Amino acid sequence: MRIAELNTLAAVALAILCSTPLQAAERAWTRSELLTIADEEARRHGVDIEQASVSFDGFNSAWGAYVERRKSIGLNTAAPELNGRGYWAVYYAPMTPMRGGDLWVMIDKSTGEVIMALEGE
């Protein structure tokens, strides 16, 4: 290859690299940090943290079971906000059972932002 061709190829490669956004490394959130974020969101939804049982579901298995139960009785299970995103689920249940007193808080694994909060019905 001639030098002019190499320079052109280098310029094209540089342009591609500069126009491609770099993915941020996933931050290693501690359980304590995640619960603090989720607790703040739960308070915004009126949950009394001291009167709630809190479950951190690192594998989202409880959330998956919840969605399957809703599907089995014909209820809406759509949560498009979660599609294609890594997230953690934190569940709040009142210590005194009441209809609609529970809350799910979904936190983005990379950013720590609250993706959604789903109040019980």
Distance-filtered residues of the range 79-99 - backbone nitrogen under 14 Å, label point 7 angstrom along Ser55 Cα→Cβ
89-95
Return the distance in nm (one decimal) between the two label points of a simple spin-label model at His45 and Lys109, each offset 7 Å from Cα along Cα→Cβ.
2.1 nm
Please give the FRET efficiency for Leu75 paired with Glu33, using the beta carbon to beta carbon distance and R0 = 41 Å, rounded to the nearest 0.05.
0.80
Gain in span if fully extended, Ala65 to Met95, counting 0.36 nm per residue against the direct Cα distance:
8.7 nm
Rel. contact order, % - alpha carbon contacts under 8 angstrom, at least six apart, the range 27-119
33 percent
Is the shape of the range 27-119 rounded, prolate or oblate, going by the alpha carbon gyration tensor and its root eigenvalues a ≥ b ≥ c, with a/c under 1.5 for rounded and a/b larger than b/c for prolate?
oblate
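Bear in mind these aren't lab numbers, they're just calculated from the coordinates by the rules spelled out. Note that the structure is a prediction, hence the values are computed from the model and not measured. FYI the Cβ positions are ideal-geometry reconstructions off the backbone, even for glycines, and counts take in every protein chain you see.
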